[in-house]
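Student: One structure, as structure tokens, below. Some questions next.
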Amino acid sequence: MKKALITGITGQDGSYLAELLLEKGYKVYGMRRRTSTPNYENIANVREKIEWLSGDLTDLSSLISAVQQSDPDEVYNLAAQSFVETSWPQPNLTGQITALGVTNLLEAVRIVKPSAKFYQASSSEMYGKVMETPQRETTPFYPRSPYGVSKVYGHWITLNYRESFNMFACSGILFNHESPRRGIEFVTRKVTDGVARIKLGMKQKLTMGNLDAKRDWGFAGDYVKAMWLMLQQEEPDDFVISTGETRTVRQLLEVAFQSVELRYEDYVVIDPKLFRPAEVDLLLGDCGKAKRQLGWKPEVSFEDMIAMMVENDLHKVERELNHSPIAVN
Ligand code: NAP
Ligand code: G4F
């Protein structure tokens, strides 16, 4: 039985990847950091099937211990401070987790189990102020946020460990991917949750930032399959994972509000405070290499994904409405 260690398993991607690997017969070790109130919401479906380990990307000895305890064939590093906006007010923390945290985990693998295959969650945010369109594996990086800068570091240190220590280390350059498990502060989920609340009469307005930014949005469930495929290749390599379609935030609003027969223009207000200090204006990925070499392609369309997210948020908000608050002693 193959063994996999996943960091960031309580997040969006970690939970889909855990489900995929369990279906494939893996023993899955999930590393989570200690929090005062644990949140297993995303991973609830398979929580009991996971071997839980405690650790933090900023703490090398906890990572060494996680690798020792799991003795993994494959390590997926999905943990990060992943919200771009937070990376301006918390640049140092973002760097410690999202940049140096990658070195910590690579070190733990190099010291304890150098034969383990390693996946690094790189990001299209590394392209930032894009140098060419569409963006591909060879496009130079020009990050526009402390998060993007941290991901560039994580990307290059992964390649460096591959070249320096002959480790099977891959970097997946994933474009934005979403799902009902997306964190509430990211734009797609903020919109689908807002649409559900407006539709059910719990909210009158949705406050937004830059509606002209363009993103290449795919479905997270499709993207974790690409992570796994990368680690099944003969040789380690880096791949862009994207849909090859780009849309503005305004188009996202149109699709989401239309799905409940509303017009976004009647509800959306713009707050300049939500504009970013430096914006990534356009992301559009060319995933041709992944299609050719991994046999991967996106399955779920943008419209179907947004409909799925709105539907899920409608149910969630309805449940909130039907449950009176529980007293906490
Ligand atoms: P996410 O939902 O924000 O999940 C992040 C995970 O990292 C959570 O499980 C979180 O734990 C954990 N984490 C944060 N700080 C940690 C630390 N110091 N030590 C250990 N764990 C820590 O992110 P996601 O959307 O699933 O993305 C997964 C990875 O792909 C991230 O590295 C992200 O930067 C990258 N990425 C995402 C996208 C995308 O569009 N989703 C695109 C490209 C790359 P808690 O539950 O305790 O907070
Ligand atoms: O959903 P977002 O916050 O995602 P962003 O910044 O593109 O980052 C996500 O994708 C990256 C891959 O490219 C990941 F690496 C990263 O971890 C994360 O998952 O914002 C998308 C766009 C931005 O241009 C933002 O300015 O939406 C615009 N936007 C407009 N109004 C808003 C809002 N974003 C948020 N979060 N909230 C708004 O009200």
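Where a number appears in this text, it was derived from the coordinates with a stated rule and is not lab data. Quick caveat, the model's predicted, so the values are computed rather than measured. Please note: Cβ atoms are built from the backbone with ideal geometry, for glycine as well, and neighbour counts cover all protein chains shown.
Student: For the chain, what is the charge dipole size about the Cα centre, in debye to the nearest 20, if Lys and Arg each add +1 at the Cβ and Asp and Glu each add -1 at the Cβ?
Tutor: The calculated dipole for the chain is roughly 420 debye.
Student: Further question: Around Lys316, under 15 Å between beta carbons, what's the net of Lys plus Arg minus Asp minus Glu among the other residues?
Tutor: Overall, the nearby charge balance is +2.
Student: What number, rounded to the nearest 500 deg cm²/dmol, is the helix-based mean residue ellipticity at 222 nm of the chain, given -39500 (n - 2.57) per DSSP H run of at least four residues and division by all its residues?
Tutor: -11500 deg cm²/dmol
Student: Which residue, Met167, Met309, Met131, has the most motion in a Gaussian network model of the chain that connects Cα atoms within less than 10 Å?
Tutor: Largest GNM mean-square fluctuation: Met131.
Student: Post the alpha-carbon centroid distance, region 11-39 to region 117-133, in whole angstrom.
Tutor: 23 Å
Student: A further question follows. Can you give the relative contact order of the chain as a percent, counting alpha carbon pairs under 8 Å and 6+ residues apart?
Tutor: 17 percent
Student: Projecting each Cα onto the charge dipole of the chain (Lys/Arg +1, Asp/Glu -1 at the beta carbon, about the Cα centre), which of Gly194, Pro89, Pro146 comes out farthest on the positive side?
Tutor: Pro89
Student: What are the ³J(HN,Hα) couplings of region 96-105, residue after residue, when phi is run through the Karplus curve with 6.51, -1.76, 1.60 and θ = phi - 60°? Round to Hz, x for glycine and proline.
Tutor: Residue by residue, region 96-105 yields 5, 7, 7, 9, 5, x, 5, 4, 4, 5 Hz.
Student: Counting alpha carbon pairs within less than 8 Å and at least 6 residues apart, what relative contact order, in whole percent, applies to region 177-236?
Tutor: 39 percent
Student: Would you list Ile157, Ile184 from fewest to most Cβ contacts within 10 Å?
Tutor: Exposure proxy ranking, most exposed first: Ile184, Ile157.
Student: Additional query: With θ set to phi - 60° and the Karplus curve 6.51 cos²θ - 1.76 cosθ + 1.60, what are the ³J(HN,Hα) couplings of region 125-141 in order, to the nearest whole Hz, using x for Gly and Pro?
Tutor: 4, 5, 6, x, 7, 4, 8, 7, 9, x, 8, 10, 4, 8, 5, x, 8
Student: Between Ile306, Ile50, Ile97, where does the largest GNM mean-square fluctuation fall for the chain, given springs only between Cα atoms within less than 10 Å?
Tutor: Its mean-square fluctuation being the largest, the pick is Ile50.
Student: Name the residue, out of Asp271, Asp73, Asp238, whose mean-square fluctuation peaks in a Gaussian network model built on the chain with Cα pairs under 10 Å.
Tutor: Ranking Asp271, Asp73, Asp238 by mean-square fluctuation puts Asp271 first.
Student: I would also like to ask the following. Using Cα-only point scatterers and the Debye equation, what is log10 of I(q)/I(0) for region 250-329 at each q in 0.16, 0.19 Å⁻¹, rounded to two decimals?
Tutor: Debye curve over Cα of region 250-329, log10 I(q)/I(0) at q = 0.16, 0.19 Å⁻¹: -0.95, -1.06.
Student: How much length would be gained if the chain were fully extended between Glu320 and Thr86, taking 0.36 nm per residue of separation minus their Cα-Cα distance, in nm to one decimal?
Tutor: 81.5 nm
Student: Quick one: which of Lys214/Lys297; Lys203/Lys273; Lys117/Lys151; Lys225/Lys273; Lys2/Lys190; Lys214/Lys291 span more than 26 angstrom between C-alpha atoms?
Tutor: As for pairs spanning more than 26 Å Cα to Cα, those are Lys225/Lys273; Lys2/Lys190.
Student: Related question: Using each residue's phi in region 22-29, evaluate 6.51 cos²θ - 1.76 cosθ + 1.60 at θ = phi - 60° and report the 3J(HN,Hα) Karplus result to the nearest Hz, with x for Gly and Pro.
Tutor: Each residue's phi maps through the Karplus curve to give 5, 4, 7, x, 6, 8, 10, 9 Hz.
Student: Also, I was wondering about something else. Using Cα atoms only, what is the angle between the long axis of helix 187-199 and the major principal axis of the chain, expressed in degrees (0 to 90) to the nearest 10?
Tutor: Approximately 30 degrees, to the nearest ten.
Student: So what's the net charge close to Asp281: Lys and Arg +1, Asp and Glu -1, counting the other residues with Cβ under 12 Å from its Cβ?
Tutor: Once positives and negatives cancel, what remains is +3.
Student: Still on this model: Please give the contour-minus-distance gain from Val260 to Ser115: 0.36 nm per residue of separation, less the Cα-Cα distance, rounded to one decimal in nm.
Tutor: In short, 47.1 nm is gained.
Student: Can you give the % of DSSP beta bridges in the chain that are antiparallel, to the nearest 5?
Tutor: 5 percent
Student: Starting from the exponent 0.38 and prefactor 2.2 Å, build the expected Rg for the chain from its residue count and divide its actual Cα Rg by it.
Tutor: Expressed relative to 2.2 N^0.38 Å, the Cα Rg reads 0.99.
Student: Now for a separate question. How high is the relative contact order of region 23-136, given as a whole-number percent (alpha carbon pairs under 8 Å, six or more residues apart)?
Tutor: Here the relative contact order equals 27 percent.
Student: Relative to the present Cα-Cα distance, how much length would full extension add between Lys49 and Glu23 at 0.36 nm per residue of separation?
Tutor: Length gained, Lys49 through Glu23: 8.3 nm.
Student: What does the charge count near Lys117 come to, summing +1 for each Lys or Arg and -1 for each Asp or Glu among other residues with Cβ under 14 Å from its Cβ?
Tutor: Net charge around Lys117: -2.
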